[in-house]
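The values are calculated or read from the model by the stated rules, or taken from the named source; none is laboratory data. Being a predicted model, the structure only gives us computed values, none of them experimental. A quick note on method: Cβ atoms are made from the backbone with ideal geometry, for glycine too, and the neighbour counts reach across all protein chains shown. SASA here: full protein model, heavy atoms, side chains in, ligands and nucleic acids out. Shrake-Rupley method; radii C 1.70, N 1.55, O 1.52, S 1.80 Å.
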Amino acid sequence: MTGITRRHLLSVSAASTAAFAMPRFASAQSTERPAVTVAVQRISNSNTLEMLTEQSNVGTRIYTSYAETLIGNNWIGDMSLQPQLATSWKRVDDQTVDVDLREGVKFHNGDVMTAEDVAFSYGPDRMWGGGTVEVPENVKVVARQALPAFERIEVLGPHKIRLHNSSIDPVLEGRLSGSIGMIVSKRAFMEAKSWMDWARRPITTGPYAITEYKPDSVLTLSAFDDHWEGRPPLRQVRFVETPETASRINLLRSGGADFACDIPPDQIATVEADKRFKVVGGPINNTRYTVFNKSHPVLANPLVRQALTHSVDRNLIVESLWSGRTEVPRGLQWSFYGDFYIADHENPAYDPDKARALLRKAGYNGEPIPYRVLNDYYTAQTATAQINTENWRAVGLNIKLQMVENWGQISEGGPETRGIHDWSAAASLPDPYVQMSGSWGPLGSPWKSNQWRNEEFGKLSQELGSSTDKTRRIAVWRRMLQIIEIEDPAYVVLHRNASFTAKRADIKWTPAQSFVMDFRRHNWSA
Amino acid sequence: MLQYLLSRLLRAAVSIVMVVTFVFVVLRMSGDPATVIMGADAPPEAIDAFRKAWGLDQPLWVQYFAFFEAVFSGELGRSMRDGRDVVAVVLERVPSTLALTIPAFFVNIAVGIPAGVYAALHRNSLIDRCVMVMAVTGFAVPSFILAMLLVLIFSVTLGWLPSAGQDSWRNAILPIATMGFGGAALLARFTRSAMLEVLGQSYIRTASAKGLPWSAVVWRHALQNAAIPTITIIGFMLGGLVAGAVVVESVFSWPGVGRLLVVSVANRDLAVVQAVVLMIAMTMVAANMVVDVLYGLVDPRMQGQARAARR
């Protein structure tokens, strides 16, 4: 007797069949591809990997490795929209877009992506509620903010869908490139115990699949060899959470990591002193600015806010704190806006005399203005705030610098107690509507919380979002910038944010114009 | 003895309630968790929805009683960040922390007590000076600096040990060394002082005068009497075992209870912070009780004092 029974044979046969049917993840035996370790400050703020709950810069860094949207971005190029899970798209009318889906795309669980999965990804169970799954309230709100007039997706065929919007939206295609539009496996989602269980381990289509996630510790992604672009260049990508800057640099220098993210400008020379390492990066599509609260009795007067904008020395900040490695943008706009980039728009000039004159005209008598600052939430934030405070005090403004611990403390107290605080703004679409109207128009949080409102700006914001006349939209955009930055300032732009990544010098890898880390084939060689 | 234990238990329960109440109030008074977790860009409706979902829209006293009601029914709540049961969230970090703190605890005792005793027995000798220099250094140098120094030497320069992470047992060596050095220095300092005080007592002279060998004098008479302050310090160390080491875990990216506490406080993940604090408070109180009992065993006069105080 051999001991082999029919049951044994059947189980071996079933296992063999399953092995062929399962998606192919890279293994050390089957490939010589390298594995890389990336030391990051945080992996995820929310401890989830679903972008509907992880709306953050740190989430932006990781999600493009494991998830994909219908339309992608050229992150390391001109930021233009690129086919991703959609091969093409076409406007049917002002409110409708037809999208052709890529064929043969597989999810990390081996399922083939269909139009049903796409419709599900934008459906009630994942985003809106009212389906069979209980969706967290904050998820619904995030979805509605990102897709304010989304109506439904109609399945036209196995690989064709039609997106219906309830109103005119000139940037509808761009919205499909947003991170919350990552396409997910319907089957995997429905098999999860709850929405949050799903969010911790989503099943998506990216070039790397999630194989291990320990919150606050490590995220391991393995090459997904069935990816539609072909075998990814790396066997494994590990994001290791290393909160301390010094620890990240030491991890790189000791060979424990190949990349170390979020390197402060003052550490670049230290890292590059060792020829084995190089620091890459620079300005990204994120702008640092300081915002004003019109509900504060002193700041209600636009002349005081104008004085604030004229006493900010941007060049001093860029040269002294960033070693000149970033730049001052022309207002809250980016050159990839294309025709919408207002090239002759000027920031309020650094002119202390003009600021003093404006304060005299405003009748300002030294009333205190609170300025709440987080301790280096943004790179060099505290030092920047100190420079600004001293410049403001130099023109006669009585600025009360208040160090706070978290965003909750920034917005604490009645509106009249909040004066100035720091913020940042990012853009990824070649159109100002989503960024500016989303942040500062009637749908933005400053408007809703009565921090800053301007009736003309509100009307123009709505026109920018509903008009399809490009010439008119450009004129509207120009006027909006004039109102919000010059006449009735809601903020003062400081500089473009910059992101620096230290890496092994022998790795050929280009950083993106955002926090995204791109580890696809086109961006890797070593 | 039973009455002694009961009084300690009652005091322990009051301590735990006070600690948890303090943390409950302070956390809610120092930043709205909804804004912290949802982020600066979150629209007001999302913030309101979050507050409602987690009961943060209720008056503080309602939240407070709801919390204690839940605690007494064994329900500590869910993490506001990822919706997981907080007991599971906290317990999954405990083994990582104990993997550092237990070996460090033994290093503390194995190095600190003999060093302190030896230094006391050789007072003003070169070895005594060396032990004290090391003890003061270990006590004075912040663990952050010491950790960085060890990383620079053993990871960056020599390349012998990993500098961060939790990939293998080798990752634990530097954090244990960091914690062990500081703790051993503390114990050495206290043990030396306690021993010196005891060695100056008349009963030590009497024991020596009786003709007892010096080793017997030290073992039977000096060490036992010097144990009280040392046990106090060991008790604190024992209580801190599950609390982890906030700084060391952060520097070495070690995903233990200390890191969880830092991240949860920063994110105002109230249920997790409360669960961690409750666990730490209970461990501390339990360790203190053990120390109290040990006092009674090591020095029977303690029980007598307690009885006398009650009369």
- line: Residue pairs within 8 Å by beta carbon, gap of at least six or interchain, first lying in segment B:257-274 and in the same structural domain as B:Val87 (by TED's automatic domain parsing) and touching a residue at least 60 places away in the same chain (Cβ under 8 Å), second among the aromatic types (Phe, Trp, Tyr) and assigned to a helix (DSSP H, G or I), listed first then second, are none
query: When you go through A:Ala269, A:Ala257 one by one, which is the residue that is aliphatic (A, V, I, L, M) and open to solvent by 10 Å² or more (accessible area, probe 1.4 Å)?
result: A:Ala269
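Do we find a residue being among the aliphatic types (A, V, I, L, M) and closer than 22 Å to B:Gly31 by Cβ anywhere in segment A:444-463?
No, there is no match, as no residue in segment A:444-463 is among the aliphatic types (A, V, I, L, M) and closer than 22 Å to B:Gly31 by Cβ.
Of all residues in segment A:142-192, count the ones that are within 19 Å of A:Glu50 (Cβ to Cβ) and either in contact (Cβ under 8 Å) with a residue 12 or more places away in the chain or within 14 Å of chain B (Cβ to nearest Cβ) (or both).
In the first step, residues of segment A:142-192 are kept if they are within 19 Å of A:Glu50 (Cβ to Cβ); the result is A:142-147, A:150, A:153, A:175-192.
Those still in the list that are either in contact (Cβ under 8 Å) with a residue 12 or more places away in the chain or within 14 Å of chain B (Cβ to nearest Cβ) (or both) too: A:142-147, A:150, A:153, A:175-190, A:192.
Counting residues in segment A:142-192 that are within 19 Å of A:Glu50 (Cβ to Cβ) and either in contact (Cβ under 8 Å) with a residue 12 or more places away in the chain or within 14 Å of chain B (Cβ to nearest Cβ) (or both) gives 25.
Would you confirm, using the coordinates I've provided, whether B:Ala209 is small (Gly, Ala, Ser), out of contact with any Asp or Glu (no Cβ under 7 Å at 6 or more places or on another chain) and surrounded by 19 or more Cβ atoms within 10 Å (Cβ to Cβ)?
Details: small (Gly, Ala, Ser): yes; out of contact with any Asp or Glu (no Cβ under 7 Å at 6 or more places or on another chain): yes; surrounded by 19 or more Cβ atoms within 10 Å (Cβ to Cβ): no.
Here the answer is no, as B:Ala209 does not meet what is asked.
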query: Is one or more of the residues making up segment A:238-252 charged (D, E, K, R), away from chain B (no Cβ under 12 Å) and in contact with a Lys or Arg (Cβ under 8 Å, 6 or more places away or on another chain)?
result: no
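Is it the case that segment A:477-486 has a residue that's acidic (Asp, Glu), more than 30 Å from B:Leu270 (Cα to Cα) and more than 13 Å from chain B (Cβ to nearest Cβ)?
Here is the first cut: in segment A:477-486, the residues acidic (Asp, Glu) are A:485.
Filter once more, keeping what is more than 30 Å from B:Leu270 (Cα to Cα): A:485.
Next, from what is left, pick out any that are more than 13 Å from chain B (Cβ to nearest Cβ): A:485.
So far as segment A:477-486 goes, yes, one or more of its residues are acidic (Asp, Glu), more than 30 Å from B:Leu270 (Cα to Cα) and more than 13 Å from chain B (Cβ to nearest Cβ).
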message: I need a count of the residues in segment A:79-91 that are surrounded by fewer than 14 Cβ atoms within 10 Å (Cβ to Cβ) and in a loop (DSSP other than H, G, I, E, B).
response: 1
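When you go through A:Arg372, A:Arg360 one by one, which is the residue that is within 14 Å of another protein chain (Cβ to nearest Cβ) and either outside any loop (DSSP other than H, G, I, E, B) or under 15 Å from A:Leu494 (Cα atoms) (or both)? Walk me through it before giving the result.
Working: A:Arg360 fails: within 14 Å of another protein chain (Cβ to nearest Cβ).
Only one candidate passes the filter, namely A:Arg372.
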Of all residues in segment A:375-421 being more than 23 Å from the chain's Cα centre (by Cα) and in a strand (DSSP E or B), the one that is surrounded by the most Cβ atoms within 10 Å (Cβ to Cβ): A:Ile420
- prompt: Do you know which of the residues in segment B:157-177 that are within 10 Å of another protein chain (Cβ to nearest Cβ) and of a type in the set (Ser, Thr, Tyr) is most open to solvent (accessible area, probe 1.4 Å)?
  reply: B:Thr157
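Quick check: is even one residue across segment B:57-70 in contact with a strand residue (DSSP E or B) (Cβ under 9 Å, 6 or more places away or on another chain) and either modelled with pLDDT of 90 or more or within 14 Å of another protein chain (Cβ to nearest Cβ) (or both)?
Here is the first cut: in segment B:57-70, the residues in contact with a strand residue (DSSP E or B) (Cβ under 9 Å, 6 or more places away or on another chain) are none.
No: zero hits.
How do the helices (runs of 4 or more DSSP H) wholly within segment B:1-62 filter down when requiring 1 or more residues that are exposed (fewer than 14 other Cβ atoms within 10 Å of the Cβ) and in contact (Cβ under 8 Å) with a residue 60 or more places away in the chain: which remain?
Once the helices (runs of 4 or more DSSP H) in segment B:1-62 are filtered for at least 1 residues that are exposed (fewer than 14 other Cβ atoms within 10 Å of the Cβ) and in contact (Cβ under 8 Å) with a residue 60 or more places away in the chain, what remains is B:2-29.
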field: Considering residues of segment A:431-457 that are closer than 18 Å to A:Ile168 by Cβ and outside any helix (DSSP H, G or I) only, the residue nearest to the other protein chains (Cβ to nearest Cβ)
entry: A:Leu443
field: Considering residues of segment B:136-156 that are facing another protein chain (nearest Cβ under 9 Å) and among the β-branched types (Val, Ile, Thr) only, the residue farthest from B:Gly183 (Cα to Cα)
entry: B:Val156
